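The values are calculated or read from the model by the stated rules, or taken from the named source; none is laboratory data. Everything quoted here is computed from the prediction, not taken from an experiment. Cβ coordinates were reconstructed from backbone atoms using ideal geometry, including for glycine residues, and neighbour counts include every protein chain displayed. Accessible surface areas use protein heavy atoms only, side chains included; no ligands, DNA or RNA. Shrake-Rupley method; radii C 1.70, N 1.55, O 1.52, S 1.80 Å.
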Amino acid sequence: VGWAYVAPCVMSGSTVVVLVGLFLAILHVRDPAGQTVAYWAFWVLALYAAMVVLRRLGLFCYRHAIVLEWFPDRTRLRA
């Protein structure tokens, strides 16, 4: 796939860096109620970011299915 994989890697890596930074910032909150709300907001944001990143990675794999030898249309083997 080559250089086309750079953009998904940069997006995934930057998402992880931002989420780790937010988590470390939440650790410095001293108010218990504020920290509880911040943790809840962090997990909502983290789950949404995971959905977006995995969607973009899925679109990348679908677009390069031939190179990756990935064919979602083929019939599955049944056990």
Item to complete: Within region 37-70, track down each residue that is at pLDDT 95 or above, open to solvent by 60 Å² or more (accessible area, probe 1.4 Å), out of contact with any helix residue (DSSP H, G or I) (no Cβ under 8 Å at 6 or more places or on another chain) and more than 22 Å from Gly13 (Cβ to Cβ).
Response: Val37, Trp40
Worksheet item: If you take just the helices (runs of 4 or more DSSP H) that sit entirely in the chain, which of them hold at least 1 residues that are of a type outside the set (Val, Ile, Thr) and touching a Pro at 6+ places or on another chain (Cβ under 9 Å)?
Response: 32-63, 65-68
Worksheet item: Is it true that some residue in region 28-36 is open to solvent by 80 Å² or more (accessible area, probe 1.4 Å), among the hydrophobic types (A, V, I, L, M, F, W, C) and free of Cβ contacts under 8 Å to residues at least 12 places away in the same chain?
Response: no
